[in-house]
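First up is the structure itself, then whatever we jot down about it.
The values are calculated or read from the model by the stated rules, or taken from the named source; none is laboratory data. Just so it is clear, the structure is predicted and the values come from calculations on it, not from any experiment. Glycine also receives a Cβ, built like all others from the backbone with ideal geometry; neighbour counts cover every protein chain displayed.
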Amino acid sequence: MLEMNPSVFQRIYFACWITCLAVLPMSHTIAFRNFLLLLLLIFLGIHFVRQQNRVSNFISSFKYLPRAFGVWALFLLLFPLWSIEPHVAWLNFLGQWGESLLAWLIGFTAYWVLGNYGPTLRSLAIASAMPIVIHLLLTVLAWGGALGASFPTGMEPAELWSLLSHNYQNASIFIFGLSNFPWGFRGLEPMHGNLGYAACQAIILFIAMFYAANLRKNFKLGIFAPIAIGLCIASTLIASSRGAFLYIVIIFVLVAFSWYLKPSREPSSSTNGKMSFSFLPIGIIVGFCVFFLAATIITKDSRWQTMVDKVYLGLSQENPMQLLCEGLSPDQETKIRQTYAHHSTEYVDDLINGLKGQDGGRILLMRAGLDMVFNHPIGLDGSRSSYKKLIEKKCGHKPELDFANLHQSWMDLALGLGWLGAGLFAWLLVSLARTGWRQYYGGGGETAAWGLALFLLATFWFARGFADTLYREHYLQMQAMVMGCIYGRLFFFSEKTPKQRLHMAA
């Protein structure tokens, strides 16, 4: 994929582009990633001016982008005109929504600027996995005692440096053992979700890379990809990210169906064909190691054992809105303790706490959120705090069970941007998934691998929104840069006729 002699401009642009993608999922990097995004936009403008003879072709190529994206961008621009709180809506358009549109632009145009020097599946996967690499390195340091005997699960960079400096000459450092393994350690991330989203995106890209390596009979990449996937899974398990682990399982089920449905090609072809079994032993070995690690962690994490009962409690409460506003009454708590009297006091306490802030609480939020979404069809202000404003208005005071959001992306999106906004964003993801599937199912070689990546990414981000809030801020930029880049790769490096390209954008 790399040119023999890329220009200095291309080298700098590629370095900034791939670095921006690598830091997008990371905490404590807001200023740096915004700086990189602005720098890339300036470089894009410079390239636009320098390529005056190609500007008309570049502008005309925008008609081949997904139609859903054009409608989505137009909606975001016009939404403040009918928003209930237009001032806040404009601020959010200039903030997270505008930044996400810039990220789409940076993604779509990556190959227009870089040509053959554009990101490969391998570089996209490695960049997406950088938070995982940092987390695993810090986990080794914590396991070896470099952070001391006791340390927080998530740390600020300054706190990390202080601990490393303080324990540098500790004689007990680098004494490893299963008994002192730092289960639940998140490194520099305050939330395990930051690691989980990055890991899932990286896993999908490594899967696509594995598929391409199989077609090219590249055994080095064929070995590297499963090992990298295993490390990504290990990171989510160490950080105790249950949602990420469950969606990783869903990803692999989706991959299995995709490979099963892929039409067979000639076995003699080096660029087409289903997955061969040459890499199967590698996958089995990595899978066994991951299964052993998962079984070990699940038995240590009580949240897995109580998850079903917590979900049932959230579903069985009669008035979820009142419970959110006023909290759990003494009578309700007594009833719960009587129902689970055959369990230990600690188990029941965990269930009650889960209803107030974990799995049970999320079920309450989703049930109450359905009513809120139904009663606010045009949304509020497009902000991340739409739920907070609406629930306080509904309760008449700050809710007793005080959640920052609904922990369900589609409901949060509908409360912020209305039914139309949620529908248009869903259309965008579905259209990208459909384009990816067409390129994978009907194509061969590199095109099929890139199509598989786009299909899996769009499907994952669509499905992940049902279990957490992630259509906001840097998560939107993560989605935009990678999926935009892959779509641009399929468009700019194809031999399709204009009619076929319009079919892709439909």
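Which ones in the stretch 399-410 are touching a helix residue (DSSP H, G or I) at 6+ places or on another chain (Cβ under 6 Å) and over 16 Å from G361 (Cβ atoms)?
Across the stretch 399-410, the qualifying residue is only W410.
If I filter the stretch 103-142 down to residues being crowded, with 19+ Cβ neighbours inside 10 Å and β-branched (V, I, T), which single residue comes out as nearest to R472 (Cα to Cα)?
Among residues in the stretch 103-142 that are crowded, with 19+ Cβ neighbours inside 10 Å and β-branched (V, I, T), the one nearest to R472 (Cα to Cα) is I106.
How many of the residues making up the stretch 352-392 are among the hydrophobic types (A, V, I, L, M, F, W, C), surrounded by fewer than 16 Cβ atoms within 10 Å (Cβ to Cβ) and either under 23 Å from M191 (Cα atoms) or assigned by TED's automatic domain parsing to the domain that holds S240 (or both)?
Step one: filter the stretch 352-392 for residues among the hydrophobic types (A, V, I, L, M, F, W, C), giving 352, 355, 363-366, 368, 370, 372-374, 378, 380, 390-391.
Next cut, surrounded by fewer than 16 Cβ atoms within 10 Å (Cβ to Cβ) only: 370, 374, 378.
Filter once more, so that each one left must be either under 23 Å from M191 (Cα atoms) or assigned by TED's automatic domain parsing to the domain that holds S240 (or both): none.
So the answer is 0.
Could you give every pair whose Cβ atoms fall below 7 Å, whose first residue belongs to the stretch 467-494 and is in contact (Cβ under 8 Å) with a residue 24 or more places away in the chain and more than 22 Å from Q439 (Cα to Cα), and whose second residue is assigned to a helix (DSSP H, G or I) and of a type in the set (D, E, K, R), counting only separations of at least 6 or pairs across chains?
Listed by first residue and then by second, the contacts come to T469/D412; L470/R464; H474/R33; Q477/E99.
For the stretch 75-107, give me the residue count where each residue is closer than 24 Å to H47 by Cα, of a type outside the set (A, V, I, L, M, F, W, C) and touching a residue at least 24 places away in the same chain (Cβ under 8 Å).
Residues that pass the stated criteria total 3.
If we keep just the residues of the stretch 445-493 that are assigned to a loop (DSSP other than H, G, I, E, B) and of a type outside the set (D, E), which is farthest from the chain's Cα centre (by Cα)? I'd like the intermediate steps shown before the answer.
Our first condition is that a residue be assigned to a loop (DSSP other than H, G, I, E, B); within the stretch 445-493, this holds for 465-472, 493.
Checking which are of a type outside the set (D, E) leaves us with 465-467, 469-472, 493.
Numbers: G465: 9, F466: 13, A467: 12, T469: 10, L470: 7, Y471: 9, R472: 11, F493: 26 Å.
Selected residue: F493.
Please go through (1) assigned to a loop (DSSP other than H, G, I, E, B); (2) assigned by TED's automatic domain parsing to the domain that holds P66 for Y441 and return the number of the only condition it doesn't satisfy.
Going through (1) assigned to a loop (DSSP other than H, G, I, E, B); (2) assigned by TED's automatic domain parsing to the domain that holds P66 one by one, Y441 breaks only (1).
Can you name the condition, by its number, that A341 falls short on among (1) small (G, A, S); (2) modelled with pLDDT of 90 or more; (3) more than 30 Å from L81 (Cα to Cα); (4) exposed (fewer than 12 other Cβ atoms within 10 Å of the Cβ)?
For A341, the failing item is (2).
Here is a check on your reading of the model: is G436 surrounded by fewer than 24 Cβ atoms within 10 Å (Cβ to Cβ) and over 12 Å from the mean Cα position of the chain (by Cα)?
When the stated conditions are applied, G436 does not pass them.
Show me the helices (runs of 4 or more DSSP H) found entirely inside the stretch 69-165 where at least 2 residues are more than 30 Å from G382 (Cα to Cα) and in contact with a strand residue (DSSP E or B) (Cβ under 9 Å, 6 or more places away or on another chain).
By residue number, 130-144.
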